[in-house]
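Contents: one structure, followed by commentary.
The values are calculated or read from the model by the stated rules, or taken from the named source; none is laboratory data. What you see is a predicted model, and the numbers here were worked out from it, not measured in a lab. Every residue, glycine as well, gets a Cβ built from its backbone with ideal geometry; the counts of neighbours run over all protein chains shown. Accessible surface areas use protein heavy atoms only, side chains included; no ligands, DNA or RNA. Shrake-Rupley method; radii C 1.70, N 1.55, O 1.52, S 1.80 Å.
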Amino acid sequence: MKLAVLGATGWIGGTIMQQAISRGHEVVAVVRDASKVTQDVAVRTLDLTTMTSDAIASAFADVDVVIASIGGRAAQNHQVVAQTAKQLLQHLPKAGTPRLLWVGGAGSLEVAPGVTLVSAPEFPEDYKAEAIAQSEALAVFRDTDSAIEWTYVSPAAIIFPGESEGQYRLGGNEFFTDALGQSRVSVVDYAKAMLDEAENAQHINQRISVAY
């Protein structure tokens with residue numbers, strides 16, 4: 001399978017790219033700064049703030065699946081998250097790319113019917129803008145009429161550096177925890193879940209969640 005990883009020089013995107021390489025997939029790193037890609041993969045550049053239909057078609061031409069890992073924290077530009085989702089859904093068909101997997105957030109998971117995690121009083125203020133941006137991206141996916149087959153993949157509330165800790169669990173829109181009441185997953189197990197979905201296409205046009 002030929003995979004394009006948008007945001008391949010980021011923490012999560014880079015881990016996903018490494019997992020894809022280890023599984024023998026052909027990988028295209030799609031980044032703003034090609035000099036930051038140190039792995040032996042194909043590299044294409046794309047500036048999310050100025051991208052056009054033609055730029056998207058060029059960056060993602062001839063790939064089977066796009067995995068997008070986009071955040072606005074570093075540049076304090078959270079609007080770019082939902083904007084990128086909208087642009088990809090609109091213009092990826094021109095590239096001939098059938099599927100889009102999205103590195104989502106946990107804030108939009110429901111802790112009770114109609115009540116999201118990000119709306120809880122104890123949700124950390126430092127992460128609220130990022131969580132809201134990812135919630136807006138989820139709304140873009142749910143409202144789209146694009147021909148692209150998408151999957152929005154929410155991690156646990158805590159996604160941490162580290163290797164695999166064993167079998168992850170998949171959920172849907174509901175926030176869930178382990179036997180100790182914790183919502184956590186390592187970045188490697190999250191990446192494995194993302195690659196499993198890329199390979200098996202079990203949750204088309206759905207949001208799923210990953211935690212222990």
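How many of the residues making up segment 63-95 are over 18 Å from residue 154 (Cβ atoms), part of a loop (DSSP other than H, G, I, E, B) and modelled with pLDDT under 95?
4
Anything in segment 13-26 that is in contact with a helix residue (DSSP H, G or I) (Cβ under 6 Å, 6 or more places away or on another chain) and either over 13 Å from residue 198 (Cα atoms) or hydroxyl-bearing (Ser, Thr, Tyr) (or both)? List them, or say none.
15
Answer with yes or no whether residue 210 is in contact with a Leu (Cβ under 8 Å, 6 or more places away or on another chain), more than 21 Å from residue 15 (Cβ to Cβ) and hydrophobic (A, V, I, L, M, F, W, C).
No.
Of the numbered conditions (1) open to solvent by 60 Å² or more (accessible area, probe 1.4 Å); (2) closer than 14 Å to residue 103 by Cβ, residue 50 satisfies every one except a single condition; which is it?
With respect to (1) open to solvent by 60 Å² or more (accessible area, probe 1.4 Å); (2) closer than 14 Å to residue 103 by Cβ, residue 50 is out only on (2).
Looking at segment 15-34, can you tell me whether even one residue there is of a type in the set (D, E, K, R), open to solvent by less than 70 Å² (accessible area, probe 1.4 Å) and more than 20 Å from residue 153 (Cα to Cα)?
yes
In this structure, is residue 122 charged (D, E, K, R), over 14 Å from residue 208 (Cβ atoms) and free of Cβ contacts under 8 Å to residues at least 40 places away in the same chain?
Yes; evaluated as a whole, the condition is true for this residue.
Checking the condition in contact (Cβ under 8 Å) with a residue 60 or more places away in the chain, more than 14 Å from residue 187 (Cβ to Cβ) and small (Gly, Ala, Ser), which residue from 34, 29, 4 passes?
4
Of the numbered conditions (1) out of contact with any strand residue (DSSP E or B) (no Cβ under 8 Å at 6 or more places or on another chain); (2) under 30 Å from residue 212 (Cα atoms); (3) surrounded by 14 or more Cβ atoms within 10 Å (Cβ to Cβ), residue 65 fails exactly one; give the number of that condition.
(1)
I want to confirm something. Restricting to segment 151-183 and keeping residues that are among the hydrophobic types (A, V, I, L, M, F, W, C) and open to solvent by less than 20 Å² (accessible area, probe 1.4 Å), which single residue is farthest from residue 208 (Cα to Cα)?
156
Can you list the strands (runs of 3 or more DSSP E) found entirely within segment 168-212 that contain at least 3 residues being under 27 Å from residue 64 (Cβ atoms)? Break it down into steps so the answer makes sense when it comes.
Details: elements: 169-171, 184-186, 206-211.
Per the criteria, 169-171, 206-211.
Could you please let me know if residue 84 is open to solvent by less than 10 Å² (accessible area, probe 1.4 Å), polar (S, T, N, Q) and under 15 Å from the mean Cα position of the chain (by Cα)?
yes
Please specify each residue of segment 136-158 satisfying the condition of being outside any loop (DSSP other than H, G, I, E, B), hydrophobic (A, V, I, L, M, F, W, C) and in contact with a helix residue (DSSP H, G or I) (Cβ under 6 Å, 6 or more places away or on another chain).
Answer for segment 136-158, where residues must be outside any loop (DSSP other than H, G, I, E, B), hydrophobic (A, V, I, L, M, F, W, C) and in contact with a helix residue (DSSP H, G or I) (Cβ under 6 Å, 6 or more places away or on another chain): 137, 140, 150, 153.
Search segment 1-14 for residues being part of a helix (DSSP H, G or I) and among the hydrophobic types (A, V, I, L, M, F, W, C), and hand back the single one that is surrounded by the fewest Cβ atoms within 10 Å (Cβ to Cβ). Outline the logic, then answer.
Pass one, segment 1-14, residues part of a helix (DSSP H, G or I): 11-14.
Still in the running and among the hydrophobic types (A, V, I, L, M, F, W, C): 11-12.
On the way: 11: 13, 12: 21.
The selected residue is 11.
Mind listing just one residue for me: the one in segment 119-143 that is under 18 Å from the mean Cα position of the chain (by Cα) and open to solvent by less than 40 Å² (accessible area, probe 1.4 Å) and, of those, farthest from residue 86 (Cα to Cα)? Outline the logic, then answer.
Here is the first cut: in segment 119-143, the residues under 18 Å from the mean Cα position of the chain (by Cα) are 127-143.
Those still in the list that are open to solvent by less than 40 Å² (accessible area, probe 1.4 Å) too: 131, 133-135, 137-138, 140-141.
On the way: 131: 17, 133: 13, 134: 12, 135: 13, 137: 8, 138: 10, 140: 6, 141: 8 Å.
My answer is 131.
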